[in-house]
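Worksheet for the structure shown next.
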Amino acid sequence: MAQPALLHSHSVLPSTTTTSPAHRRASQFGRLAAPRRRRNLRPMASATVQAPPGLKEGIAGLYDESSGVWESIWGDHMHHGFYDSGEAASMADHRRAQIRMIEEALAFAAVPDDPEKQPKTIVDVGCGIGGSSRYLANKYGAQCNGITLSPVQAERGNALAAAQGLSDKVSLQVADALEQPFPDGQFDLVWSMESGEHMPDKRKFVSEMARVAAPGATIIIVTWCHRNLEPSENSLKPDELNLLKRICDAYYLPDWCSPSDYVNIAKSLSLEDIKTADWSENVAPFWPAVIRSALTWKGITSLLKSGWKTIRGALVMPLMIEGYKKGLIKFTVITCRKPRAA
Amino acid sequence: MRLLTHNMLASNVRGVTSGFPLKLEPVKWCTKEVELNADFIRGMLPKIDWKALVAATRALGLPELLPEEQPAEDEIFAEGAADVEGSAIRRIHHALLEIHIEEGTLVCPESSRAFPIDKGIPNMMLHEDEV
């Protein structure tokens, strides 16, 4: 999906105030072609939330378009790597760190290693090209169903599973995480690795995960949140909302919530053993590495061959760094358990 | 799509209370050999809805593949059964894992909503008015 016009335009990207070298170089790649969607910045509502028009198509389109680029640079896991705080990250470490992220989440949730108690059926909600699905299926000898909005990702993920001899255990489907196509109580482990950000209705998202969880099953959500509000606050500050809006527009993200919002949703669904942790420091080393890789020859040529959506996603990395430094965005792990049958 | 996957999918149309099992209408399918893993089958069997699995094999025109009633566990996992042609475990393995539906439809038993299977992937996305 090359966009040759980008190479000739002089216009500067609107609404970016960072002046990092990466950003100045990137601004030569052209003007913002896609119109900005008008966004409603109301606070988290508890009533049913309608997805903004075009959100699901936008998400599917983004991943249909950018999945190949991401995979060629980062491999088959589409999530952040887990680093020790302050560690320097590099391309060579990244895959190891992505695997460590999975293992840290499993350890945090105390998923049993005992063969008798290991999960036998797993759902990967927002599965990308199935990196987590394949890893978990391999680790536990379990059957894993993944769901994604992107037909391109589902196809690619199934092909990768076949190539790795995992096609009996791993199966990716096109489906909506807010309307999971599974009966109640099906899965021993319900997994969502960095997909929660895309869900326009956080309550529905968690409630579907709880519904398809078997009694006693573990639910693990690793996702981006904004900081918890102080007791005196009704919403984030205007400059914080502005920064979030710019990040969200680039990644087809609906409104964010806080870790406390997730905890409250889990409590309201009578889920047990609810725990959260802030892993922001453990993913921060990733972004400079992404920016460096985007500026390599391979990175640039890949980006230029892909569409505007992918490029815009890459260029927003400095905004993530800004949000992290301001304590606005939090990389959060949330785990809980479906109660055992009475 | 394998029949193992079919056995785990349900219709999610709003208002439907019994959306399982989805009726299988295969159009194009094939078989691919997969190594038999008895432990995996042992782990999956408690989760399998036998009637739904048998119905799916019938929809594929394979009435002889599986019996109406699920065989006893000690028959399925008997010593050496995996090496015996036509044994219960081999039939179950074949049904669950070796049949690939490339094109077809999954039909909601209650609402008759048809979910397409394209390039082996079921598309379970609902339209706005079905949610």
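Here is how the numbers come out for the structure above:
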{"quantity": "Cβ-Cβ under 9 Å pairs, at least 6 apart or on other chains, segment B:114-129 side within 7 Å of chain A (Cβ to nearest Cβ), far side of a type in the set (Lys, Arg) and assigned to a helix (DSSP H, G or I)", "calculated": "B:125/A:56"}
{"quantity": "Restricting segment A:150-168 to residues that are facing chain B (nearest Cβ under 7 Å) and crowded, with 23+ Cβ neighbours inside 10 Å, the residue that is nearest to residue A:58 (Cα to Cα)", "calculated": "A:154"}
{"quantity": "Qualifying residues in segment A:178-197 (those that are open to solvent by 10 Å² or more (accessible area, probe 1.4 Å) and within 14 Å of another protein chain (Cβ to nearest Cβ)) - the one nearest to residue A:132 (Cα to Cα)", "calculated": "A:188"}
{"quantity": "Matching residues in segment A:181-211 - criterion: being assigned to a strand (DSSP E or B) and out of contact with any Pro (no Cβ under 6 Å at 6 or more places or on another chain)", "calculated": "A:187, A:190, A:191, A:192, A:193"}
{"quantity": "Residue B:45 out of contact with any Lys or Arg (no Cβ under 7 Å at 6 or more places or on another chain), in a helix (DSSP H, G or I) and surrounded by fewer than 18 Cβ atoms within 10 Å (Cβ to Cβ)", "calculated": "yes"}
{"quantity": "Count of segment B:30-42 residues which are open to solvent by 50 Å² or more (accessible area, probe 1.4 Å) and either more than 10 Å from chain A (Cβ to nearest Cβ) or β-branched (Val, Ile, Thr) (or both)", "calculated": "2"}
{"quantity": "Residues of segment A:119-142 satisfying the condition of being within 11 Å of chain B (Cβ to nearest Cβ) and out of contact with any Asp or Glu (no Cβ under 8 Å at 6 or more places or on another chain)", "calculated": "A:123, A:137, A:140"}
{"quantity": "Residue within segment B:6-29 that is surrounded by fewer than 16 Cβ atoms within 10 Å (Cβ to Cβ), away from chain A (no Cβ under 14 Å) and closer than 28 Å to residue A:208 by Cα present", "calculated": "yes"}
{"quantity": "Residues of segment B:73-113 that turn out to be within 12 Å of chain A (Cβ to nearest Cβ), surrounded by fewer than 17 Cβ atoms within 10 Å (Cβ to Cβ) and farther than 27 Å from residue A:151 by Cα, as a count", "calculated": "0"}
{"quantity": "Subset of segment A:251-275 (residues that are within 21 Å of the chain's Cα centre (by Cα), surrounded by fewer than 20 Cβ atoms within 10 Å (Cβ to Cβ) and of a type in the set (Gly, Ala, Ser))", "calculated": "A:258, A:260"}
{"quantity": "Residue in segment B:54-67 that is in contact with a His (Cβ under 7 Å, 6 or more places away or on another chain), in contact (Cβ under 8 Å) with a residue 60 or more places away in the chain and open to solvent by less than 60 Å² (accessible area, probe 1.4 Å) present", "calculated": "no"}
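The values are calculated or read from the model by the stated rules, or taken from the named source; none is laboratory data. All values derive from a computational prediction rather than experimental measurement. Note: ideal-geometry Cβ built from the backbone for every residue, glycine included; neighbour counts use all protein chains shown. Accessible surface areas use protein heavy atoms only, side chains included; no ligands, DNA or RNA. Shrake-Rupley method; radii C 1.70, N 1.55, O 1.52, S 1.80 Å.
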